[in-house]
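Remarks on the structure that follows.
The values are calculated or read from the model by the stated rules, or taken from the named source; none is laboratory data. Not measured: the values here are computed from a predicted model. Backbone-built Cβ (ideal geometry, glycine too); neighbour counts: all protein chains shown. The accessibility values were calculated without ligands, DNA or RNA, using every heavy atom of the protein model including side chains. Shrake-Rupley method; radii C 1.70, N 1.55, O 1.52, S 1.80 Å.
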Amino acid sequence: MANTAANLKSEAVESRRMLIGGEWVGAKSGKVFTVENPAFRTVIAEVPRGDANDVNLAVDHALKAFESWKRVPPRDRGRILQKIAEDIDARSEELARTIALETGNAIRTQARPEVKTTADVFRYFGGLASELKGETVPLNDNVLSYTRREPLGVVAAIIPWNAPLMLAAVKIAPALCAGNTMVMKTAEDAPLNVLLLAEICQKHLPPGVLNMLTGTGSEAGQPLLHHPKVSKLSFTGSTAVGKLVMQAAAERVLPVSLELGGKSPSIVFADADEDWAVDGMINAMRFTRQSQSCTAGSRLFLHQSIFDSFLDKLTKKVAKLKIGDPIKEETDVGTIINEKQFTKVCGYIEDGMKQKDAKMITGGLLPKDGPLGKGYFAQPTIFAANSNDWRLAREEIFGPVLVAVPWTDINEAIRMANDSHYGLAAYVWTHNIRDGIRTAHEIEAGWVQVNQGAGQSPGHSYGGYKQSGLGREFSLEGMLDGFTQRKSVTVSLAQ
Ligand code: NAD
């Protein structure tokens, strides 16, 4: 078995393997690729560079395992998920360190909470195993008609790097609970913590039920999506790749779940010019995850009367966030994931600084030769603008760049909030609960929070409107609709 990630250090290079059919293996090609610590731009590990041959092997194992896994009583499958949750708790610090080292997410503010949610996700779905119930249909006294919730088969799952452990868990736990088996492909930039999760799962699962591949989107992701023996595609990532996933599903008329991008609005009413709303907004913008979050509230619609004063409070609080080495306890904000994303974020900031109609309130580019110059560090940056129509207000930046726009008429604020092809999350801030709820109902987004900017919790149906996705995860309905198919059985009792 590959080494654990417990003793990963920024200067040490670990060699890790993938999980196929219960065995820890390299790529059949023998190729590897490296994983960086983005805080120091140092290589910390190498992992197999899986391709179509490895995908074929993994799907074959998953298909074989499906025959017996689907017959394991659901409650026994649930018990296994709960044991996995306990082991995640037991190895939580090791998992959190690995997340911090490879993603650049700060250990205290992000990595540890992510591990805790991951254990909760396994515990939650483990407890739902008995809810895989069908219904009876009252046709007449001489007919018994009922439905069964049956698993789909082999689920192909592809995840991104921004909250990799939790995003892996919200696919693995419901899919396995419902009796499916899985081949998952990790993201290129953050495979190590998910491999560690697979190691924990494998202690409790029969071989082949969960297979974990490492590799690139084109070499391993594409063959996985197009594999003829896969029965469901479950994808979390960008809208652009999500469209390719949907095309692959269309070829074979497969069920597909898509958790995609966002450009989420935050509407602040005049009565919410207070510290609690500013703190909530900092949370909603996910500044302490470098705003590399699909639900980041990155468009801030502020009532005109509080525009300056709210931004002033926000700027002062944001300035207190400590940017630094993700592994250090005092750090609030870590690093951007990689050079490509860093260059993209810096490009947006440069673009914003050049706009005549926009004003940079705080932030900007960090000096290249400063103390943070080694890593991909970006500071929270806020622009004030009169329009919602420019590039920074429309495109998903996936970095700590917030655009604030004033409003006077709530209908105009709602119109601007809805003027996006995304519809993932939204936030509303007001003491007037009637205004808050009415606005929540008008916003075109899958998840609207009033007076809080929290992350997802197991139990509530989470997913996007419009081009932010299709289907729901995190919930009982998500498991039933996303990972089972309903069969009707009708029996005549007349003879
Ligand atoms: P991405 O779409 O580039 O990559 C996601 C995954 O898809 C990776 O594993 C990658 O290797 C794989 N991939 C890339 N090209 C592929 C292809 N042609 N075929 C098959 N697989 C391919 O996204 P990213 O940059 O890793 O993540 C950021 C994006 O994810 C953002 O848009 C963000 O909003 C979104 N996201 C959405 C949610 C959600 O719940 N809605 C959660 C997290 C991230």
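Has the stretch 120-143 got at least one residue that is closer than 20 Å to PRO255 by Cα and open to solvent by less than 10 Å² (accessible area, probe 1.4 Å)? No, because not a single residue in the stretch 120-143 is closer than 20 Å to PRO255 by Cα and open to solvent by less than 10 Å² (accessible area, probe 1.4 Å).
Kindly indicate the residue of the stretch 153-193 that is of a type outside the set (Val, Ile, Thr) and within 7 Å of the ligand (Cβ to nearest atom) and also surrounded by the fewest Cβ atoms within 10 Å (Cβ to Cβ) among those meeting that condition.
GLU188
Restricting attention to the stretch 345-359, and to residues there that are open to solvent by 80 Å² or more (accessible area, probe 1.4 Å) and assigned to a helix (DSSP H, G or I), which single residue is nearest to GLU36 (Cα to Cα)? Explain how you work it out, then say what you get.
To start, the set of residues in the stretch 345-359 that are open to solvent by 80 Å² or more (accessible area, probe 1.4 Å) comprises 350, 353-354, 356-357, 359.
Still in the list and also assigned to a helix (DSSP H, G or I): 350, 353-354.
Values: GLU350: 26, MET353: 30, LYS354: 32 Å.
Checking each candidate, the answer is GLU350.
Matching residues to (1) modelled with pLDDT of 95 or more; (2) of a type in the set (Asp, Glu); (3) under 16 Å from PRO265 (Cα atoms):
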| site | (1), (2), (3) |
| --- | --- |
| GLY297 | yes, no, yes |
| ASP308 | yes, yes, no |
| LYS316 | yes, no, no |
| ILE323 | yes, no, no |
| PRO326 | yes, no, no |
| THR331 | yes, no, no |
| GLY334 | yes, no, no |
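Cβ separations smaller than 9 Å between residues 6+ apart or across chains give the following pairs from the stretch 436-462 residues that are more than 15 Å from ALA277 (Cα to Cα) and acidic (Asp, Glu) to residues that are open to solvent by 30 Å² or more (accessible area, probe 1.4 Å) and part of a strand (DSSP E or B): GLU444/TYR465; GLU444/LYS466. Just the residues that are part of a helix (DSSP H, G or I) and open to solvent by less than 70 Å² (accessible area, probe 1.4 Å), please, taken from the stretch 466-484. If the condition is that a residue be part of a helix (DSSP H, G or I) and open to solvent by less than 70 Å² (accessible area, probe 1.4 Å), then LEU476, GLY478, MET479, LEU480, GLY482, PHE483 are the ones that fit.
Test LEU144 against the stated conditions and say whether it is more than 16 Å from the ligand (Cβ to nearest atom), more than 21 Å from ARG49 (Cα to Cα) and more than 21 Å from the chain's Cα centre (by Cα). Steps first, please.
Details: more than 16 Å from the ligand (Cβ to nearest atom): yes; more than 21 Å from ARG49 (Cα to Cα): yes; more than 21 Å from the chain's Cα centre (by Cα): yes.
When the stated conditions are applied, LEU144 passes them.
How about the stretch 258-272: which of its residues are within 10 Å of the ligand (Cβ to nearest atom) and over 22 Å from ASN388 (Cβ atoms)? Answer for the stretch 258-272, where residues must be within 10 Å of the ligand (Cβ to nearest atom) and over 22 Å from ASN388 (Cβ atoms): LEU258, GLU259.
If you scan the stretch 81-105, which residues turn out to be surrounded by 21 or more Cβ atoms within 10 Å (Cβ to Cβ), outside any loop (DSSP other than H, G, I, E, B) and touching a residue at least 24 places away in the same chain (Cβ under 8 Å)? Within the stretch 81-105, LEU81, ILE84, ALA85, ILE88, LEU95, ARG97, THR98, ILE99, ALA100, LEU101, GLU102, THR103 qualify.
In this structure, LEU402 does satisfy being touching a residue at least 24 places away in the same chain (Cβ under 8 Å), within 22 Å of PRO113 (Cβ to Cβ), out of contact with any Cys (no Cβ under 9 Å at 6 or more places or on another chain) and not polar (S, T, N, Q). Of all the listed residues (GLU131, GLU188, GLU199), the sole one being of a type in the set (Asp, Glu) and over 25 Å from VAL72 (Cβ atoms) is GLU188.
Screening SER387 with (1) assigned to a loop (DSSP other than H, G, I, E, B); (2) farther than 15 Å from GLN290 by Cβ; (3) at pLDDT 95 or above gives one miss only, at (3). For the stretch 228-242, a residue qualifies if it is surrounded by fewer than 18 Cβ atoms within 10 Å (Cβ to Cβ) and near the ligand (Cβ under 8 Å from one of its atoms), and the qualifying residues are SER238, ALA240.
Matching residues to (1) in contact with a Ser or Thr (Cβ under 9 Å, 6 or more places away or on another chain); (2) charged (D, E, K, R):
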| residue | (1), (2) |
| --- | --- |
| VAL121 | no, no |
| SER130 | no, no |
| GLU150 | yes, yes |
| VAL170 | yes, no |
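Can LEU213 be described as within 16 Å of the ligand (Cβ to nearest atom) and surrounded by 24 or more Cβ atoms within 10 Å (Cβ to Cβ)? Yes, satisfied. State yes or no: is HIS204 within 12 Å of the ligand (Cβ to nearest atom) and either of a type in the set (Val, Ile, Thr) or in contact (Cβ under 8 Å) with a residue 60 or more places away in the chain (or both)? No.
So that you can scan it fast, the table gives a plain yes or no per residue for (1) under 26 Å from the mean Cα position of the chain (by Cα); (2) assigned to a loop (DSSP other than H, G, I, E, B); (3) more than 24 Å from TYR462 (Cα to Cα):
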residue: GLU396; (1), (2), (3): yes, yes, no
residue: VAL405; (1), (2), (3): no, no, yes
residue: ARG434; (1), (2), (3): no, no, no
residue: ARG438; (1), (2), (3): no, no, no
